[in-house]
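Attaching a single structure in structure tokens format; questions to follow.
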Amino acid sequence: MFDLRTLDGHSATVNQSALDSLDASLRGSVFLPGSPDYDAARVTWNSIVDRRPGFVIRALGASDVQKAVNFVRETGLIMSVRSGGHQIAGHAVADDAVMLDLSHMRSVHVDPHTRTARVAPGAVLADVDRETQARGLVVPVGINGTTGIAGLTLGGGFGWTTRKFGMTIDNLISAEVITADGSIVTASDSSHPDLFWAIRGGGGNFGVVTSFEFQLHPLGPEVLSGLVVHPIEEAPGLLAEYARIADAAPDELTVWSVMRKAPPLPFLPEEWHGREVLIFAACYAGPIADGEAALEGLRSLGDPIADVISPHAFVDWQAAFDPLLTEGARNYWKSHDFSTLPAKAISELLEGIATLPDPASEVFIAHVGGAMARVAPDATAYPERSAHFIMNVHTRWEDPAKDDACIAWARALYDRMTPHSTGSAYVNFMPADEADHMSGAYGANGKKLAQIKGQYDPDNLFRINHNIQPG
């Protein structure tokens, strides 16, 4: 007998025979506490999250997901959904809930003739990049190979090619979704268009996606990309110039800034290891020669410690930051959007960088716009379509004894930067304690999202997430 949480806040008992029957009906399996597969499934990328679900359902296909959703609904239980990647807020796993594990559904099928890809929800970006680049194609995704395609897409998705090709959701053609009543539906512009609108930014509130269909674009196999590293002391002037260059850049050029203690990279002089630096990370999504001209302004700034911008295989550039984001560290992120980077905001930001709580912690500023900004704010659930800067206070550490200090530092920097922000937020960077920021995440689209939630999930079965209450 197993005691689990229910939708109404009480507990319910599930007997062994019911679990055995469920297990026998699946292509996948049911894993109970104490089994190696249970422990492997509940461990997430963010080690600050340590929770014990009542049991785990590992799905291997849409039929398994359908059976899992029906079982949870009919027994009145609570379910979390784990796909393939980071899920910084830890919503992939919850104590005493049913955990639906999609991480073994990792297929990627590319059709080079239609330039489309069909991707399963457990795939990570490295899976997608390898298969698409084998045909000289890309779908705009994030910047870490270990990120999961499902969470990235459902929250919006942006990275090195967003300014050229739009957000991940702008390249979503359709999705197969298991809704709360157990139906298997196709969401697209012509089928369940309201659901299709909602899943493009509204997260996992509306069902479990079992397949994504993406539009692909020609790019690669090489792109002009790399890093320019400067002393942090030069950051006030350089960040002001960066903002100017970013705003005037062609769609093909994306430049992000990163502030952290320098890791022991082989191209950095040893005396700079462990010292605060400002890093410009750049990628040109077009011909190499055109990229050389477009990057002249950035590369001429100041007197850099290192400049390692050169042609790289796109799949390698997509994985360049993976060593800094390995599984098992403790993470707490905070995020703001900025329309501009005024001198006061830069000054406040650098004051925070001067007190970094751990060598693995960093702050990055991403600049987005271009094709993404030419989509109407109400065209998808994700609303912040203007060209703007996205800050991620990416606090990362290993020692549990540093939890309070690291989290306090992130919150303090977030509060310091709030007066300079737009009030909007990127939901994929929000920690679990930001339920009060949901109105900022969705703005004017929030009311419509609540109505669609009420239509597809009136009982809020899919609630372990950045939750949208049914309207």
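The values are calculated or read from the model by the stated rules, or taken from the named source; none is laboratory data. Here the structure is a predicted model, which means the values were calculated and not measured. As a convention, Cβ positions derive from the backbone with ideal geometry for all residues, glycine included, and neighbour counts pool all protein chains shown. Accessible surface is based on the protein model in full, side chains and every heavy atom, while ligands, DNA and RNA are left aside. Shrake-Rupley method; radii C 1.70, N 1.55, O 1.52, S 1.80 Å.
Out of (1) under 21 Å from residue 218 (Cα atoms); (2) outside any loop (DSSP other than H, G, I, E, B); (3) out of contact with any Ser or Thr (no Cβ under 9 Å at 6 or more places or on another chain); (4) among the small types (Gly, Ala, Ser), what's the single condition that is false for residue 126?
If we test residue 126 against (1) under 21 Å from residue 218 (Cα atoms); (2) outside any loop (DSSP other than H, G, I, E, B); (3) out of contact with any Ser or Thr (no Cβ under 9 Å at 6 or more places or on another chain); (4) among the small types (Gly, Ala, Ser), just (3) comes out false.
For residue 211, are the conditions met, namely being buried (at least 18 other Cβ atoms within 10 Å of the Cβ), more than 29 Å from residue 389 (Cβ to Cβ), touching a residue at least 12 places away in the same chain (Cβ under 8 Å) and among the hydroxyl-bearing types (Ser, Thr, Tyr)?
Spelling it out, residue 211 is indeed buried (at least 18 other Cβ atoms within 10 Å of the Cβ), more than 29 Å from residue 389 (Cβ to Cβ), touching a residue at least 12 places away in the same chain (Cβ under 8 Å) and among the hydroxyl-bearing types (Ser, Thr, Tyr).
Let me ask another. Could you tell me which residue of the stretch 243-289 is nearest to residue 216 (Cα to Cα), considering only residues that are out of contact with any strand residue (DSSP E or B) (no Cβ under 7 Å at 6 or more places or on another chain) and in a helix (DSSP H, G or I)?
Top of the filtered list is 289.
Of the residues that sit in the stretch 25-42 and are closer than 18 Å to residue 96 by Cβ and hydroxyl-bearing (Ser, Thr, Tyr), which one is least open to solvent (accessible area, probe 1.4 Å)?
Within the stretch 25-42, the match that is least open to solvent (accessible area, probe 1.4 Å) is 38.
Restricting to the stretch 185-194, count the residues that are at negative phi and out of contact with any helix residue (DSSP H, G or I) (no Cβ under 6 Å at 6 or more places or on another chain).
Qualifying residue count, the stretch 185-194: 6.
Looking at the structure I just gave you, is residue 447 open to solvent by 40 Å² or more (accessible area, probe 1.4 Å) and out of contact with any Gly (no Cβ under 6 Å at 6 or more places or on another chain)?
yes
Do you know which residues across the stretch 347-379 are in a loop (DSSP other than H, G, I, E, B), in contact with a helix residue (DSSP H, G or I) (Cβ under 9 Å, 6 or more places away or on another chain) and open to solvent by 50 Å² or more (accessible area, probe 1.4 Å)?
354, 355, 377, 378
Would you confirm whether any residue within the stretch 82-102 is touching a residue at least 12 places away in the same chain (Cβ under 8 Å), of a type outside the set (Phe, Trp, Tyr) and loosely packed, with under 15 Cβ neighbours inside 10 Å?
Yes - at least one qualifying residue is present in the stretch 82-102.
I'd like to verify a number: residues in the stretch 43-60 that are under 19 Å from residue 88 (Cα atoms) and either open to solvent by less than 10 Å² (accessible area, probe 1.4 Å) or over 19 Å from the mean Cα position of the chain (by Cα) (or both), how many?
5
Limited to the stretch 1-24, what total is found for residues that are modelled with pLDDT of 90 or more and surrounded by 13 or more Cβ atoms within 10 Å (Cβ to Cβ)?
So the answer is 4.
Failed condition for residue 23, given (1) closer than 24 Å to residue 87 by Cβ; (2) touching a Ser or Thr at 6+ places or on another chain (Cβ under 8 Å), with all others met?
That leaves (1) as the condition not met.
Filter the stretch 55-114 down to the residues that are of a type in the set (Gly, Ala, Ser), within 18 Å of residue 16 (Cα to Cα) and not in a loop (DSSP other than H, G, I, E, B) and list them by number.
Selection gives 68 alone.
I would also like to ask the following. Scan the stretch 1-36 for residues that are over 25 Å from residue 459 (Cα atoms), more than 32 Å from the chain's Cα centre (by Cα) and either of a type in the set (S, T, N, Q) or in a loop (DSSP other than H, G, I, E, B) (or both) and report the count.
Residues flagged as over 25 Å from residue 459 (Cα atoms), more than 32 Å from the chain's Cα centre (by Cα) and either of a type in the set (S, T, N, Q) or in a loop (DSSP other than H, G, I, E, B) (or both) within the stretch 1-36 amount to 5.
Among the residues of the stretch 157-185, write down those that are within 30 Å of residue 74 (Cα to Cα), part of a strand (DSSP E or B) and not β-branched (Val, Ile, Thr).
Matches in the stretch 157-185: 174, 175, 176.
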